Amino acid sequence: MMNGKVVIVTGANNGIGFHAAQSFAQQGSETVLAVRNVDKGQHAAERIQKSYPQAKVDVMQLDLADLASVHTFANLFREKYSHLSILVNNAGVMIPPYQKTKDGFELQLGSNHLGHFALTGLLLPLLTTTEASRVVSVSSLASKNGRIMFDNLDFIVKVN
């Protein structure tokens, strides 16, 4: 059972993130749905609590494509919670049209990797002081065929 555990799931309003959050909540953890759209997050929390009335579910706003939002989330989380048992880095975008994050990074790299990297780093003090804590990073099978172009992280295509 997960009683006494605190779990964060990014992108918990649908898909894998929703089902992971629902499972953690069903098992008794206090589950934080870290979502970009709070209305969708509230709807997901209501669905979980309808299925599991005793579930402890909290919705917190987090936009991984905005490092200021990542800092705000981490600060608010640390004010509200004294420990963190599991961080599930799940949220992501897949092959969006070329866009940049608020901080100037290519959107997919910025939100899927850099946002989660920053979030994990900011929550690391709680994770390292929580016994048997874990970080789980979800990825796509597409990563098996990809390669990192370290000299072109923003994936800027040069047209002649």
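The values are calculated or read from the model by the stated rules, or taken from the named source; none is laboratory data. Computed from a predicted structure; not experimentally measured. Here the Cβ is made from the backbone with ideal geometry for all residues, glycine too, and neighbour counts use every protein chain on show.
Is it fair to say residue 117 is closer than 22 Å to residue 18 by Cα and touching a residue at least 24 places away in the same chain (Cβ under 8 Å)?
Numbers: closer than 22 Å to residue 18 by Cα: yes; touching a residue at least 24 places away in the same chain (Cβ under 8 Å): no.
No; evaluated as a whole, the condition is false for this residue.
Which of the residues belonging to the range 31-52 are over 22 Å from residue 112 (Cα atoms) and part of a helix (DSSP H, G or I)?
To start, the set of residues in the range 31-52 that are over 22 Å from residue 112 (Cα atoms) comprises 42-43, 45-52.
Answer for the range 31-52, where residues must be over 22 Å from residue 112 (Cα atoms) and part of a helix (DSSP H, G or I): 42, 43, 45, 46, 47, 48, 49, 50, 51.
Give, as residue ranges, the strands (runs of 3 or more DSSP E) completely inside the range 53-138 that count at least 3 residues that are surrounded by 13 or more Cβ atoms within 10 Å (Cβ to Cβ) and either of a type in the set (Lys, Arg) or modelled with pLDDT of 95 or more (or both).
56-61, 86-89
What do you reckon, is residue 21 modelled with pLDDT of 95 or more, surrounded by fewer than 21 Cβ atoms within 10 Å (Cβ to Cβ), closer than 29 Å to residue 107 by Cβ and among the hydrophobic types (A, V, I, L, M, F, W, C)? Outline the logic, then answer.
Values: modelled with pLDDT of 95 or more: yes; surrounded by fewer than 21 Cβ atoms within 10 Å (Cβ to Cβ): no; closer than 29 Å to residue 107 by Cβ: yes; among the hydrophobic types (A, V, I, L, M, F, W, C): yes.
Criteria not met by residue 21.
Restricting to the range 75-104, count the residues that are under 18 Å from residue 140 (Cβ atoms) and either within 15 Å of the chain's Cα centre (by Cα) or aliphatic (A, V, I, L, M) (or both).
Number of matching residues: 8.
Would you say residue 45 is on the phi < 0 side of the Ramachandran plot, more than 15 Å from the chain's Cα centre (by Cα) and modelled with pLDDT of 95 or more?
On the way: on the phi < 0 side of the Ramachandran plot: yes; more than 15 Å from the chain's Cα centre (by Cα): yes; modelled with pLDDT of 95 or more: yes.
Criteria met by residue 45.
Is it true that some residue in the range 19-30 is under 21 Å from residue 113 (Cβ atoms), in contact (Cβ under 8 Å) with a residue 60 or more places away in the chain and out of contact with any Leu (no Cβ under 8 Å at 6 or more places or on another chain)?
Here is the first cut: in the range 19-30, the ones under 21 Å from residue 113 (Cβ atoms) are 20.
Imposing the further condition that a residue be in contact (Cβ under 8 Å) with a residue 60 or more places away in the chain reduces the set to 20.
Cutting the leftovers down to out of contact with any Leu (no Cβ under 8 Å at 6 or more places or on another chain) gives us 20.
Yes, that holds for at least one residue.
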